[in-house]
Amino acid sequence: MDIDKIENIKIRPLALSDYDTLKEAMIESYITMPGSYWRQEQINALITKFPEGQVVMEVNGEMAGCALSIIVDYKKFERAHTYRDVTGNYTFNTHNSHGDILYGIDVFIKPKYRGLRLGRRLYDFRKDLCEKLNLKGIVFGGRIPGYHKYADELTPKQYIEKVKLKEIHDPILNFQMSNDFHPVKILKGYLENDKASNEFAVLLEWDNIYYEEEHSNTEIKKTDVRLGLIQWQMRTYKDFDDLVQQIEFFVDAVSGYKADFALFPEFFNAPLMARNNHLPEAAAIRELASHTDELVRKFSELAISYNINIITGSMPELRNDKLYNVGHLCRRNGSIEKYEKIHVTPDEAKVWGMQGGSKLQTFDTDCGKIGILICYDSEFPELSRLLADQGMNILFVPFLTDTQNAYSRVRHCAQARAIENECYVAIAGSVGNLPKVHNMDIQYAQSVVFTPCDFAFPSNGIKAEATPNAEMILIADVNIELLRELHEFGSVRNLKDRRKDLFELKKIVN
């Protein structure tokens, strides 16, 4: 049919009164399998059991195609099965409204309407239905009617591989794979009398990335997440309480905008070293470490009081007489977890005698999984990739840089982490100067929230950025659902397309 003659296309529910027209359409569509059409009592059973799953497509008021489906408990059919098995000997008694998979029973387009990509609309309908019903995915046995031409020289597996490599053209299998269905296994003896396929079929699956497990608790993971970044001004403070007052000021400010996270910079508490400036640098920072436990308690109190998750930047910690650079995630539910700087800079090791940590993990929050890397760690792509493999959606990077070139290293590496790991990356640093603290003279920072670079995100990969070298807060909203879509349907898919057959990355120390 000429496309310029099409005036109206619609998909509507299949009705009992459609049977005679449907039968004619099936006979016309399955000319290579004479007598292959559904009996009226079978169509009636499908409509009665699962009316939402049975639809027809009309073009200019004429039936042009049809899609039939049921819901099954997939654990009963994930192993080898036949078409007769999955349909309950064609009775559809296998339909289970409490099942987890939408199983495709039939889909066809009449010959006169082929070549117009109308079949894609029926597949899209099924995907929308699957998402609406919160099912894990769609499964069906796909015929390979071109296989009989190659059966003497190729196994079904070899045939499918050659179709994937475009060495063999199989219009049906190509169409299904182009619609995001991936082959899972070969089904032998799937459909009786399917001579063109030698009775073989390919089990094809489509995964619903929006599927959500039902939880017994009432905790809900947010999809729209608001980030509050604190671009901290280095200044002298009278005492510990004066510093805490400034911390609370910023927590109050970002929570006033209903932020889900507050991110503080690395070593934001360095001004407290001013009172010990007469000591050698290594001794002064060890004195600073004596305040860490109390600061963590204060942060936890603020997280609960202001209903916000706080990432405490970083602070020095003495453990077994060794000095580490650590931070804490203080959740709004009162729980606390620690993260460590894995790679200390040459200056941290030389001047302060600081050790690199070994703790690397993602953290579960009420806004999904997050990762936290302190400053220099963001320049080592292996760390963030390990976190991405654990399901990280947002990477937080508290940093401290003294010069613009040092800042540029953190900034550009952080943006690369957002692209290669298909996640959001938020970086926050300090500005100003501390003339009375050795080894902490000046600071340069511009806090930023980075995104992947694809159509659903800013074209330059920057969601929001602060004014350079000015004390301020930066508020930005990020959407976790956009990341799910990117993982599956992005222009490029960095996470999925890694050649794991050639290389692997693993964490040795737990």
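Okay, here's what the table says:
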read-out: Test: residue in segment 219-232 that is in a strand (DSSP E or B) and closer than 30 Å to L116 by Cβ; value: no
read-out: Yes/no for R39 being surrounded by fewer than 19 Cβ atoms within 10 Å (Cβ to Cβ) and out of contact with any strand residue (DSSP E or B) (no Cβ under 7 Å at 6 or more places or on another chain); value: yes
read-out: Selection within segment 85-117 - under 30 Å from the mean Cα position of the chain (by Cα), crowded, with 16+ Cβ neighbours inside 10 Å and more than 15 Å from E52 (Cα to Cα); value: D100
read-out: Every residue from segment 388-429 that is outside any strand (DSSP E or B), within 23 Å of the chain's Cα centre (by Cα) and within 16 Å of L329 (Cα to Cα); value: M392, N393
read-out: Residues that are at pLDDT 95 or above, acidic (D, E) and surrounded by fewer than 20 Cβ atoms within 10 Å (Cβ to Cβ), drawn from segment 237-263; value: D241, D242, E248, D252
read-out: Residue, farthest from F140 (Cα to Cα), within segment 168-198, restricted to residues that are in contact with a Gly (Cβ under 6 Å, 6 or more places away or on another chain) and part of a loop (DSSP other than H, G, I, E, B); value: D170
read-out: I47 more than 31 Å from the chain's Cα centre (by Cα) and either under 30 Å from E485 (Cα atoms) or not assigned by TED's automatic domain parsing to the domain that holds E481 (or both); value: yes
read-out: Close pairs (9 angstrom Cβ cut-off, 6 or more residues apart or separate chains): in a helix (DSSP H, G or I) in segment 487-510, charged (D, E, K, R) anywhere; value: H487/E422; H487/R493; H487/K496; E488/D180; E488/D207; E488/K496; F489/D180
read-out: Failed condition for I310, given (1) touching a His at 6+ places or on another chain (Cβ under 9 Å); (2) within 23 Å of Q446 (Cα to Cα); (3) in a helix (DSSP H, G or I); value: (3)
read-out: The one condition in (1) closer than 21 Å to M33 by Cα; (2) acidic (D, E); (3) without any contact (Cβ under 8 Å) to a residue 24 or more places away in the chain that D106 fails to fulfil; value: (3)
read-out: Residue in segment 1-36 that is surrounded by the most Cβ atoms within 10 Å (Cβ to Cβ), counting only those that are closer than 22 Å to G61 by Cα and hydroxyl-bearing (S, T, Y); value: S29
read-out: Residue check for Y103: aromatic (F, W, Y) and modelled with pLDDT of 95 or more; value: yes
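The values are calculated or read from the model by the stated rules, or taken from the named source; none is laboratory data. Quick caveat, the model's predicted, so the values are computed rather than measured. All Cβ positions, glycine included, derive from the backbone under ideal geometry; neighbour counts span all protein chains shown.
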